[in-house]
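Beneath this line is the structure, given in structure tokens, with notes to follow.
Computed from the coordinates by the stated procedures, all read-outs in this text should not be read as laboratory data. Note that the structure is a prediction, hence the values are computed from the model and not measured. When we count neighbours, we look across all protein chains shown, and the Cβ atoms used for this are built from the backbone with ideal geometry, even at glycine.
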Amino acid sequence: MAVASVLSARMTDFTPVENDLKALFTHSKAFWPADNGHYGPLFVRLAWHCAGSYRTSDGRGGCDGARQRFDPERSWDDNTNLDKARNLLQPLKIKYGDALSWGDLIILAGTTAIEDMGGPVLGFCGGRIDDLDGYHSIKLGPSTEQQEIAPCPVNGECMSPLGTTTVGLIYLNPEGPMGNPDPLGSFPQVRDAFNRMAMNDSETVALIGGGHAFGKTHGACPLGPGPSPNQQPDDPWPGNCGSGAMKGKGPNAFTAGFEGSWTTTPTKWGNEYFQNLHNYEWTSHVGPGGRHQWQSQGRDTMMLTSDISLTKDPAFWALVTEYASDLDALNNAFSHAWYKLVTRDMGPVTRCIGNNVPPAQDFQYPLPPTPSKLADFHAVEKLINSALEKDPSMVSFLVHLSYQCSATFRQTDYQGGCNGARIRFPPESTWSVNQGTDKIIEWLDVNVKQAYKGSGALSFSDLITFAGQIGLQHTSGVLLEFCSGRTDATDGVGSEFLAPREFDDSNVSVTLLNVRDRQEISGLFAREWVVLQARLRPSAVQQAQGYSGSWSDSTMLSNRFFKLLLLETWKPQVSPAGKNEFVSLEHPGIYMTPQDLALIYDAEYLSIVQEFASDNQAFVDEFPAAWTKITNADRFDGPDGNACEAVRTDSQIQ
Ligand code: HEM
């Protein structure tokens, strides 16, 4: 998630940086001498560890933001000695200044290194925006916040929403589960951990073996790397092996504690890793760093337990066999998987900039381009209004549909939102919160969309958003300018990662944590989040989701929601359909959800609720801007631009 500085003159041609990087790779520095005369492998690891924190569960992690520079990430065990890699890049960062973000520099360093060592590269998507601190990685852990929202009772067996089996590592323990050199126990962890960042088997195997085509492990002696940056900021990870000027560096380096390289040509691309894995017998032993690693008689190369695990699962083994004999297949799989690894957290391709951006990939869930001729939205408005004249009760349903369509957006990895109108397809259409939306879509189709059949001028996503806006106009008198140009997806692929998280909403603390978390992921500020919760929610909508009813069937937007929250006495109960809900003791037909009640149990939310309850005008003033933000959030135009920027976000009150 990138929240910080907007760069002054953003670089769009990265060629000069690539040239500088190539010169840097073979220019060994005394403070951290290059293994085998080439820093390439170190930079590949740097980029992989920066990007590899990404997880699909909530879109957190990834190199956009470059939070690897801050705690907690910078002090993770898995990031040992990557401070040195960033120090090597420092002169380039100074040279290019604000025009080049740390995030772009780190990923470009890894990608250019692969290319420089003869590896296959698909391209580079630039545009990462640096965060100002490590705040957005706190929930990756280790931290109190992580333990609250995603506890991991046994570190080494952590489950989703965490992206790793072991907090503090990128994915899993290389030595094997809980440090046991057990490849049979390791392969399920490898698959599971890579799945949590949307990698399938072929991508997983290509990435591990492609990455380990390069470089070496570092564990010259058992004495460890020394204190981490948060323990010893002036001299982090000094290394305890060796003595004198070379203590802790070069042949005396200690990073992860294993020792050796996977191939005989660690600065040259190839498929030797897979041949070694495939063709030889490997046995476990304890290396000079005191960790379990694997050796093959008569060979100088080594393997980790996680590498050996790829030979123990039939599907992984088939891929190892394929890549060992078919370099082209490996080239193709690795180049695509690497690009996905370092780019997925950037969202749609419309956020990418640079001179070498590949065509949109499947993982970017591309949408068709906006047609050159769009519908006349005054005419669309007339159609909607004449349908509403016949059926005025639809007004609040249109608002509801538009909100549900947009509310999947997450700022963390720029996924979701109404563009594409994936709410029409499974899985979104099957989510409990979307029960009944198919009927509203059908109503729009029959009354409006059919008139544009075959023309392509009116997409469902524009129609849903526009109809929501018209609905808002009817319910509040608020006029908003409409930003058109959305197009439709042909399926719901990608939404599987965006499903509302299940949690125990009978527990107030758990509900509070999850509501807060969802607000943070959405990119909305607390005020924006709170104001939007007062959107109209007719009983039929709530009942379709399994609740007994709602707090209002009014078709007028007002601050009534906030007044009710504060003035009624709420009793928890379970609806006949099994949903936890609250019923008003004073007015038994009025219901709220546990998420609604969270707004008065959280002190910050409560103060906002109190303000809106006493000031309807403040509520009416703030609702439209929050609405505009959520409906246009996914209209990317470059890294931090928005195609709807020109559209006013304020409102006119009739
Ligand atoms: C199961 C997943 C993986 C595990 C457990 C793992 C583990 C390790 C370990 C323990 C090291 C040694 C660090 C040191 O002591 O210097 C290492 C190095 C390295 N890894 Fe991985 N790795 C994994 C996947 C990957 C992937 C996906 C890539 C890139 C595509 C990659 C690229 C590298 C490179 C280039 C090095 C060498 C760094 C150097 O020479 O300084 N690894 N890995």
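Would you pull out the residues with amide H under 5 Å of Phe636's amide H, same chain only if 5 or more places away, H placed 1.01 Å from N?
Counting only residues 5 or more places away or on other chains, the set is Ala643.
Within 10 Å, count the other beta carbons around each residue, average over each peptide in 458-466, 347-355, 169-177, 576-584, and list them highest first.
Highest-to-lowest ranking by the protection proxy: 458-466, 169-177, 347-355, 576-584.
What list of ³J(HN,Hα) values in whole Hz, one per residue of region 508-515 in order, does the Karplus curve 6.51 cos²θ - 1.76 cosθ + 1.60 (θ = phi - 60°) give from phi, with Gly and Pro shown as x?
In residue order, the calculated couplings are 4, 5, 5, 4, 4, 4, 6, 5 Hz.
Just need the Rg to Rh number for region 591-649, please, alpha carbons only, Kirkwood Rh.
Radius of gyration relative to Kirkwood radius: 1.12.
Quick check: convex hull over the Cα atoms of region 377-494, volume per residue in Å³, rounded to an integer?
Convex hull of Cα atoms, per residue: 108 Å³.
What residues have an amide H closer than 5 Å to that of Gly239, excluding those fewer than 5 places away on the same chain, when H is modeled at 1.01 Å from N in the peptide plane?
Gly226
With Cβ to Cβ distances under 12 Å as the rule, what net charge do the other residues near Ala598 carry (K, R +1; D, E -1)?
Neighbour charge sum, excluding Ala598 itself: -3.
With point charges of +1 on the Cβ of Lys and Arg and -1 on the Cβ of Asp and Glu, referenced to the Cα centre of the chain, which listed residue (Leu367, Phe466, Gly436) lies farthest in the positive direction of the dipole?
It is Leu367, whose Cα lies furthest towards the positive end.
Would you compute the Debye intensity of region 207-263 from its alpha-carbon atoms alone, equal scatterers and no solvent, and pass along log10 I(q)/I(0) at q = 0.16, 0.21 Å⁻¹ to two decimals?
The Cα Debye sum returns log10 ratios of -0.53, -0.77.
Could you give me the percent of Cα pairs per 5 Å distance bin for region 515-654, shortest bin first, beginning at zero and ending with the bin that holds the maximum distance?
2, 9, 17, 20, 20, 15, 9, 5, 3, 1, 0
What ranking do Asp328, Asp553 get, fewest neighbouring Cβ atoms within 10 angstrom at the top?
Going from least to most buried by this count: Asp328, Asp553.
Whole-Hz Karplus ³J(HN,Hα) for region 520-535, in order, using 6.51 cos²θ - 1.76 cosθ + 1.60 and θ = phi - 60°, x for Gly and Pro?
Karplus-based 3J(HN,Hα) across region 520-535 equals 4, 5, 5, x, 8, 6, 4, 4, 5, 4, 5, 4, 6, 5, 8, 4 Hz.
Taking the number of other C-beta atoms within 10 Å as the exposure measure, put Asp345, Asp615 in order starting with the fewest.
Asp615, Asp345
Within the P(r) computed for the chain, what percentage of the Cα pairs occupies the region above 41 Å?
The answer is 33 percent, as a whole percent.
Can you list the residues, at least 5 places off or on another chain, whose amide H is less than 5 Å from the amide H of Gly420, using H built in the peptide plane?
Residues meeting the amide H criterion: Ser461, Thr487, Ala489.
Work out Dmax and Rg for region 573-620 from the C-alpha atoms and quote the Rg first, both in angstrom.
Both quantities, over Cα of region 573-620: 13.1, 37 Å.
I want the local charge near Gly176. Using Cβ-Cβ distances under 15 Å, sum +1 for each Lys or Arg and -1 for each Asp or Glu among the other residues.
-3
If packing is taken as the mean number of other Cβ atoms within 10 Å per residue, what is the order of 41-47, 383-389, highest first?
Packing order, densest peptide first, comes out as 41-47, 383-389.
If the reach is capped at under 17 angstrom between alpha carbons, list the lysines near Lys216, excluding any in the same chain fewer than eight residues apart.
By straight Cα distance, Lys216 reaches Lys84, Lys249, Lys268.
Return the sequence-ordered ³J(HN,Hα) values of region 558-564 in whole Hz as given by the Karplus equation 6.51 cos²θ - 1.76 cosθ + 1.60 applied to θ = phi - 60°, using x for Gly and Pro.
7, 8, 4, 3, 6, 4, 4
Work out the length of the dipole vector of the chain about its Cα centre, built from +1 on the beta-carbon of each Lys and Arg and -1 on the beta-carbon of each Asp and Glu, and round it to the nearest 20 debye.
Around 480 debye, computed over the chain.
Roughly speaking, what is the centre-to-centre gap between region 83-124 and region 554-606 when only Cα atoms are used, to the nearest Å?
The distance from the Cα centre of region 83-124 to that of region 554-606 comes to 52 Å.
If we count other beta carbons within 10 Å of each Cβ, what is the order of Leu132, Leu100, fewest first?
Leu132, Leu100
Once Lys and Arg get +1 and Asp and Glu get -1 on their Cβ, which of Met117, Ala379, Gln595 lies farthest toward the positive end of the dipole of the chain?
Result: Met117, furthest along the dipole toward the positive end.
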